[in-house]
Amino acid sequence: MGSFIPSDEGITHKDHTADLWLEAKDVDIPSMISRLVQGIYGVMAASFEIEDEVVDVDLEFEGSYPETAMVEFLSEILFLFDAESLVLLRSDISMEDLDGSVKLKITGKASVAEIPSGQGGMEVKAVTYHGAKIRMEEGNVVGTVLLDL
């Protein structure tokens, strides 16, 4: 078997600072995740114009770890905004421990939303797995995710 040496000819490495750490804390994982949802919306806009029509949202996410399910859920929330302009207005999040995995169930209400002129923040491209963490701190659950801007 031979060796492979990648060429760096014509390649320049540059630091990239288009990321934002988002951290939330609350009494339990579902409540903390709800805060992260609000945090993501807060990064995207100072306010949203919401249509009167409300739609039901029912989602389930399963992961080997709570962090995996958390990132999957937050990614779906971001997708719903990008693809359908939906903002989750209220939700009930529950977590179930399965053998070897965790399931998040989300039921809630969403509405089509628009960011008013002058109220926009940063565009969130993705919620990443890099550095996603859930930990206990002073009796609270703290969740951390890295947003790709």
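Derivation of every value follows stated rules applied to the coordinates shown; laboratory data play no part. What you are looking at is a predicted structure, and each value in this text was computed from that prediction instead of being measured. Glycine also receives a Cβ, built like all others from the backbone with ideal geometry; neighbour counts cover every protein chain displayed.
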Counted charge near PHE79, where neighbours are those whose Cβ lies closer than 12 Å (Asp, Glu -1; Lys, Arg +1): -3
Could you list MET122, MET95, MET70, MET44 so that the one with the fewest beta carbons within 10 Å of its beta carbon is first and the one with the most is last? MET122, MET95, MET44, MET70
Restricting to aspartates and glutamates and to Cα separations under 15 Å from LYS25, and discarding same-chain partners fewer than 8 apart, the set is GLU67, GLU137, GLU138
Divide by every residue of the chain the summed helix terms, -39500 (n - 2.57) for each DSSP H run of at least 4, and state the resulting mean residue ellipticity at 222 nm, rounded to the nearest 500 deg cm²/dmol. -8000 deg cm²/dmol
At a 10 angstrom cut-off on C-beta neighbours, averaged per residue, how do the peptides 125-134, 49-58 rank from highest to lowest? 125-134, 49-58
Per-pair calculated FRET efficiency, R0 = 25 Å: TYR129 and ASP28 via Cβ, rounded to 0.05: 0.70
Compute the separation of the alpha-carbon centres of the range 110-140 and the range 58-94 and state it in Å as a whole number. 11
About the Cα centre of the range 61-116, what is the dipole size in debye to 20, counting +1 per Lys and Arg Cβ and -1 per Asp and Glu Cβ, all else neutral? 240
Mind giving me the nanometre distance, one decimal, between the label points for ASP58 and ASP99, set 7 Å out from Cα along Cα→Cβ? 2.7
So for the range 22-148, what are the equivalent ellipsoid semi-axes in whole Å, largest first, each being the square root of 5 times an eigenvalue of the Cα gyration tensor? 24, 16, 13
Mean separation of Cα contacts under 8 Å (at least 6 apart) over the residue count of the range 22-148, i.e. the relative contact order in percent, is 36
